[in-house]
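Since every read-out is calculated from the coordinates, none of them should be taken as a lab result. In this text, all values refer to a predicted model and were calculated from it rather than measured experimentally. Glycine gets a Cβ as well: all are built from the backbone with ideal geometry, and neighbour counts include every protein chain shown.
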Amino acid sequence: MRIRFSSLSVAAVVVAALIAAPVLSVFSNVLAGDTGATWSHLADTVLGEFVFNTVVLCIGVGLGVSSIGVTSAWLTTMLDFPGRRFFEWALVLPLAMPAYVMAYVYTDFLQFVGPLQGWLRETFEWRRGDYWFPDVRTVGGAVAMFMFVLYPYVYMIARSAFLERAGGMLEAGRTLGLGPWGSFFRVSLPLARPAVVAGTALALMETLADFGTVSYFGVQTFTTGIYRAWFSLGDRIAAAQLSAALLAFVILVLTLERMSRGRARFNNTSRQVAMPVRLRLPLALGLLAAFACFMPLLLGFLLPAGLLLHMAFLDGDAQFGARFVELAQNSFVLAAITAVLAVLLAVLLAYAARLARSRLPQVLNRIVGLGYAVPGSVIAVGVLIPLTRVDRWLAQGWEALWGTNPGLLLTGGIAALIYAYLARFLAVALQTVESSLGKITSSMDDASRSLGFGKWSTLRRVHMPMLRGSLLTAGLLVFVDVMKELPATLVIRPFNFDTLATQAHTLAADERLAEASTAALIIVAVGLLPMFWISRQILRVRRREG
Amino acid sequence: MSHLDLSRIDLAFGSQLVVRQLSLQLEKGRIGCLLGPSGCGKTTVLRCIAGFERLAAGEIRLDGEVVSTPRHMLPPERRRIGMVFQDYALFPHLSVADNIGFGLRRDSAAVRNARVDELLALVGLAGQGRKYPHEMSGGQQQRVALARALAPKPSLLLLDEPFSNLDVELRERLSYEVREIIKATDTTAILVTHDQHEAFAVADEIGIMHEGRIQQWDTPYNLYHRPANRFVADFIGQGAFLRGKVLDDHRVQIELGVLDSAQPLVCCADCAGCVHGSPVDVLLRPDDLVHDDASPLRAEVVHKAFRGADILYTLRLAGGARVLSLVPSHHNHAIGERIGIRLDVDHVVTFSDERADECAPTHPAAALA
Amino acid sequence: MSHLDLSRIDLAFGSQLVVRQLSLQLEKGRIGCLLGPSGCGKTTVLRCIAGFERLAAGEIRLDGEVVSTPRHMLPPERRRIGMVFQDYALFPHLSVADNIGFGLRRDSAAVRNARVDELLALVGLAGQGRKYPHEMSGGQQQRVALARALAPKPSLLLLDEPFSNLDVELRERLSYEVREIIKATDTTAILVTHDQHEAFAVADEIGIMHEGRIQQWDTPYNLYHRPANRFVADFIGQGAFLRGKVLDDHRVQIELGVLDSAQPLVCCADCAGCVHGSPVDVLLRPDDLVHDDASPLRAEVVHKAFRGADILYTLRLAGGARVLSLVPSHHNHAIGERIGIRLDVDHVVTFSDERADECAPTHPAAALA
Amino acid sequence: AELNVYSARHYQTDEELYGNFTKQTGIKINRIEAKEDELLERIRNEGANSPADIFVTVDASRLAKADELGIFEPVKSAGLEARIPAHLRAPNWFSYSTRARVIVYNPDMVKAEQVQTYEQLADPALKGQVCTRSGSHPYNLSLGAAMIKHNGAEATENWAKGIVANFARAPKGGDTDQIRAVAAGECGVAIANSYYLARLMNSDKREDQAVVAKIKAVWPNQASWGTHINVSGAGMLKHAPNKEAAVKFLEYLASDQAQEYFANGNNEWPAVPSVKVDNAALNKLGEFKADTLPIGELADTVAEAQRIFDRAGYR
Ligand SMILES: Nc1ncnc2c1ncn2[C@@H]1O[C@H](COP(=O)(O)OP(=O)(O)OP(=O)(O)O)[C@@H](O)[C@H]1O
Ligand SMILES: Nc1ncnc2c1ncn2[C@@H]1O[C@H](COP(=O)(O)OP(=O)(O)OP(=O)(O)O)[C@@H](O)[C@H]1O
Ligand SMILES: [Mg+2]
Ligand SMILES: [Mg+2]
């Protein structure tokens, strides 16, 4: 008897291999070439600082996003206070703000020559050195930037988890003497652990992959180190090795986290799916809660968006007009296609791993997830390597058959771009979907199978509907990420193809921040549309399911 | 003062009233039991007591303190209750030992571990503390839920079908031990169960619920022998109703003869019935009809259920009415056979038949088994 | 050829063998039942049959086709089974009607609706199809699970404690109707239950499981009266063991007198015992001891359990041994009272006592209730 | 006909430059604009099938590096050779515009004579006064590379250490940020690219004018090797599918009109000496002596400059 591979696992392995190819091609450089000189130079001079800054950044951002994200998610799901319904969806908004734009805006606002300090100096007739003012362009400032734009990852995923049918277990906690806070720390939070970890991991991976913000702030991190090895020292291999080291670190952390879960599960064990009634806070506490939700929103969105708007009005992009419709359309189409694909593929991969008896799909999924931690330029090159290779085979084949050279079939179009996005952002969808899938008991699968449904139709008829909220969340996260993505878009896009992000970059890279504000604002605005729609949709799903 | 006092509580889900004007009192250290058909509101009553549901009317007092009214609710965690949920609601992220020790967070680790081990042993799961809930069988999970609720020594225990997934032997042992614990610690408890024997064995007082109301709150003996209405008579134990005519205070004429009651006839409490000549329905329990080969009275076997020690025969009388009889299991008769029976009635229970519907709400599944 | 055929299957969770060398066959249209203490592996056997677990050894055939071996598994959806899960596993995102209609995707909407309504009526939930599972009581959810499994008319039904959360009346009605459906449609079924009366009433054949093995696969009558070993004797029904001495093929001497068996003495099947003079343990069922005020044999009441129709007395004999006796409930005696008893033994069941441990694996909860 | 350009230049005014070429020749231009190193990777990966005809960059050492990778094809064009000075071209590529790395200072804080050369910026007298952007930015690396060529590695390393010791604050931001910081008094002196300065000077925004009013600019090293310049340049690719058009384009870029667009649009100086642009700010900054080192040779020492900066702690 032959062991048969199911269509599901074959599909999943193929998809995973394809998506992981760019990351693997980064790894494949690890053993090539002699990079001893570069390494010893880096180790002697800057590596320590890179590592130190990166660790500080990770710890700061990790603590920041998880505390802001979890607190706001918990407040809006479990309690009732003034403005709760507004905060439920508004807390997502900072997501639309690219971190590097935030960095520009805040720097402009807060730096020595900026309006705030300028005003202070004028009003109080201070001079340099007369007063202390926090400097944004430091590690601390970078932590703040990332914290405020990235906490929505944790907020959204944790919120899904809090809302996901844990009513009975919360009640059990209450009968065992836990108050609302105790329930939070001892029941809700541990049960939401995979979600909080997923959200935090995403935020951290995005932080690790960031180049724009940290280099603008002059904060040397592992990623700026990769760029330095690659561009300044001209050592591509060493750059790849540095990337690989970064990824190894990420794998290590994620693996340790998985292992520490042991055999614990996080699904609902109770048939009581309805959430307990929200606890209505007394006014004073309610205002405090509203304040706690307002601060991240203010700092992560309202203030920077307001500043951008101010700039855009004062002296925005001279090209504003019909061209922007095209840019917005390009961005939107790319983001929408990628979001849909990413969600579908993530479901496929997560579901295959759920059903698999072997560890292989889980390992593959972790590798697929790594794309998010790889700096955009590196992944762009990582995408180009396999893609152009395939392209060349295709071209050769074509030429052998038809005698003409078709040029590059894949790399020439947006397909390559979407592939690159998937390689980078599938992690986002995957983490979201995986954490929610884990909340569905396996008896749901069994029940459906016993009623005559195969794996695929069980997926379609049982899991997908139950995951609806999370799928929308995943789609939204990917959508917004694609809207903001820059390095890969720059290199891989086809001829004469601009997006809002490239437009903003063109100006910002030329140090024309005010003019870049227009495109940046439109990124935010275009991101807002689906965000409104999806947040409403998610709320509706949640409300209906009680 | 009662330890637990529910007075005229109403509870609604949306517009549907699920608990209606329900009152009950329980003294400290007593074990009450709620019995009733599926969906009658038993779990809901427990949830009201625990503080999970907001009352639509009435109030609940614990130790004299008002804990629930339609406007005010003392949070569940401040009621010192322990609850076994019908669906267990174990924590999937915690091992069995951690589940059981969950409510003991104020104790030192040593004390907690000792208590957890003690409870694991009690529920027959010694040494299995390191497993996770999903690695346990249904009945094992149920026992963990029980242990978890007992661990913090609550002053009020709410047990929602805590033994439903256990085998008879384990169920009897555990219910016995839980009763001992409750009595030894002067805990008050409410048990919900579908197993009447269990209710009889464990509870001091039993309430029969139907459609959100308590029909009778009484001792097991009285429920069986002096049911307050036709619903209770029907629900508790087995039996059949036979048409009869009242002869006098102590006697009723039925198809099988004249029943002579030691006490004056027991009628439905709030019925006018029981005057001479009035037609009544007489409840015949399976043990009221004794199998006797020598008896001239004969009935045809229409159904039989082997029950181990005895066989429960469903018999058709000459007049067509059906009655039940419990016969030691070596009297094995075939279906269709006509066997001898004899009346051996101790308590005569009658219900006036005109007003039957009012006396005893009809029950959807009341058809005779 | 049997419809269902498990031959020598093993199943392990990690390194722990949970099902061991288990075999069973069931003809088409028959209802088998698995009885056994909590955690003995009943659910696991059903899950193997359904195709959710991979065998460690052995094979399962359905209609002659091999569906499970350690290397190959026919997916569950191709086995034409219906299963009621111990935890119901209702789909929380679907209404009750949609849950029940879930397996009917090939039918037209009209056919499906008709079937759903029919099943809702069967389980006593007519008109409640639009509710969601979490809006139903535990017992109502259980009935939905039953209806869902029945809806597609599977050819093999696996029922894992399908009535555990239902009241007696409903349970009896439903188990009766499910039996009728199974018989009418020539379905094969395996029922797991903890309720022995239910097992006796519904099943054609019963397997007693213990620690992953089947101890005896037999008819209800034989299980009760001819238990294959001490474990089965202990597990099925109630009873006590008394020391005795074999006199001859038909007679045993015990403290209460000489037991005379109509058949040659039934001993543990694989025991050497039952020769003259050998010491044996004699099983006394509660119905083997009859209460008789006139009898000179006296025993002291040490415990009593009111059971409605009768009271189960635990009695201490002069020699200190304890026995059980089932007495009609109007014979109400107080604890400590000495009452008259008389032997009325029909089937004498004895186990050779030296080799008792080998014959009948001891059972953790085997202590007498 | 078409022409495919991979460009690292991304100035908005380049639109006209390309539009004009199309108008003149009927050749449509397709562009991808990205950062040079990534583009270089793309070209390398695409290999023989690459659609790219022209590669445009804004850093001489990148041009040289690309050349070293062998992706360019030599262009023989008498016209180009005649118009573009020798130190601004190589056999395989041509520069079309130049920008200078100038010193900007705040006369309230430092004296003009303190900041006449790059080397002076390392003078302890300027302690706490110097601002620059990151040392690993190509503009600064290119300056470092030139200094190694002129002064030697050791001197450059000492210089870098001196600069680091003089920092008013850690390197951060872009060149414009440095200029603003000087105007605001956060730093006394900074290094910036000429076109950022010129852009501020040409700006009609009030706050930009306020900045310009507060600062003065210096052409560094007029007495020695001259002011460090960098270039925008381009070359034709080896696998270019449209070689004819590519050559035409390279030649077009050296034409008077194109030079004006190319340079003036971004406040740069045309590479062709004969072309004079009319740019108020550039006019005001006036003539200067530029470094005449063959610009492509900087590539040799860029990596070394980075290593020196790393050692000196010039992040
Ligand atoms: N996933 C699992 N991992 C490890 N052990 C398990 C797992 N599932 C069940 N077991 C163990 O296997 C044994 C048999 O479990 P099973 O669920 O078959 O029992 P059961 O006879 O159905 O019991 P119950 O009557 O309590 O439902 C139990 O001891 C249980 O602890
Ligand atoms: N959340 C809810 N929303 C609407 N109706 C509900 C809800 N919960 C319970 N009900 C209804 O209230 C009634 C009482 O439910 P409850 O759970 O108290 O019954 P129960 O007596 O415990 O039954 P069982 O013995 O089946 O567990 C049932 O008819 C049920 O359908
Ligand atoms: Mg209930
Ligand atoms: Mg089970």
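Some observations on this one:
- Within chain D, no helix built from a complete DSSP H run reaches 24 Å or longer along its own axis (Cα positions) while carrying a mean Kyte-Doolittle hydropathy of -0.5 or higher.
- In straight-distance terms, cross-link reach from D:Lys23 covers every one of the lysines whose alpha-carbon lies under 27 Å from its own, apart from those fewer than eight places away in the same chain; here that gives D:Lys76, D:Lys238, D:Lys243, D:Lys248, D:Lys276.
- Distance between the stretch D:108-136 and the stretch C:303-337 - C-alpha centres, whole angstrom: 107
- Convex hull of alpha carbon positions in the stretch B:2-230: directionally averaged projected area 12.7 nm².
- The stretch A:1-65, Cα convex hull volume normalised per residue, Å³: 178
- Scoring C:134-141, A:67-74, D:284-291 by mean Cβ neighbours within 10 Å over their residues and listing the highest first yields A:67-74, C:134-141, D:284-291.
- Euclidean distance of C-alpha centroids, the stretch A:130-176 and the stretch C:50-81, integer Å: 47
- Whole-angstrom gap from the stretch B:106-167 to the stretch A:1-60, using each part's C-alpha centre: 46
- Taking every full run of DSSP H in chain A, the ones that stretch at least 20 Å from end to end by Cα along their long axis and average -1.0 or higher on the Kyte-Doolittle scale are A:7-28, A:47-78, A:139-163, A:193-209, A:236-261, A:283-297, A:322-355, A:376-402, A:414-437, A:464-484, A:513-544.
- Loop trypsin sites (Lys or Arg not before Pro), the stretch A:1-94, which have at most 12 other Cβ atoms in a 10 Å radius of their Cβ (DSSP): A:Arg2, A:Arg4
- Shielding value for C:209-221 is 1, the average number of Cβ atoms from other chains within 10 Å of each residue's Cβ.
- Computed from the alpha carbon positions, the gyration tensor of the stretch A:14-155 leads to an equivalent ellipsoid with semi-axes of 35, 29, 13 Å, biggest first.
- Here is how far apart the C:Val258 label points are across copies: 4.8 nm, shortest first, using a point 7 Å from Cα toward Cβ.
- Kyte-Doolittle mean at least -1.0 and Cα axial length at least 15 Å: DSSP H helices in chain C: C:109-122, C:138-150, C:168-184
- Average beta carbon contacts from partner chains per residue of A:487-500, 10 Å cutoff: 4
- Taking each of A:Lys455/C:Lys131; D:Lys111/D:Lys149; B:Lys153/C:Lys304; D:Lys161/D:Lys214; D:Lys172/D:Lys284 in turn, the alpha-carbon distance never tops 30 angstrom.
- Remark on the protein assembly as shown: hydrodynamic radius 38.6 angstrom, per the Kirkwood mean of 1/r across alpha carbon pairs.
- Per-residue mean of foreign Cβ neighbours for D:45-53 is 6 (Cβ atoms of other chains, 10 Å radius).
- Each pair of Cα atoms in chain A enters the Kirkwood radius, and Stokes-Einstein at 10 °C and 1.306 mPa s then converts it into a translational diffusion coefficient of 65 µm²/s.
- Farthest positive-ward along the stretch A:44-200 dipole, Cα basis, beta-carbon charges - from A:Gln111, A:Phe146, A:Thr77: A:Thr77
- In order along the stretch D:124-137, the Karplus-derived 3J(HN,Hα) couplings, from 6.51 cos²θ - 1.76 cosθ + 1.60 at θ = phi - 60°, round to x, 4, 8, 3, x, 10, 8, 10, 8, 7, 4, x, 8, 6 Hz, and Gly and Pro are given as x.
- Å³ per residue enclosed by the Cα convex hull of the stretch C:144-301: 172
- Efficiency of FRET between A:Ser358 and C:Glu337 - r from beta-carbon atoms, R0 56 angstrom, step 0.05: 0.25
- Net charge dipole size for the stretch C:126-199 [Lys, Arg +1 and Asp, Glu -1 on Cβ; Debye, nearest 20]: 380
- Distances between every pair of Cα atoms in the stretch D:201-315, grouped in 10 Å steps from 0 to the bin holding the largest one, split as 11, 27, 33, 23, 6, 0 percent.
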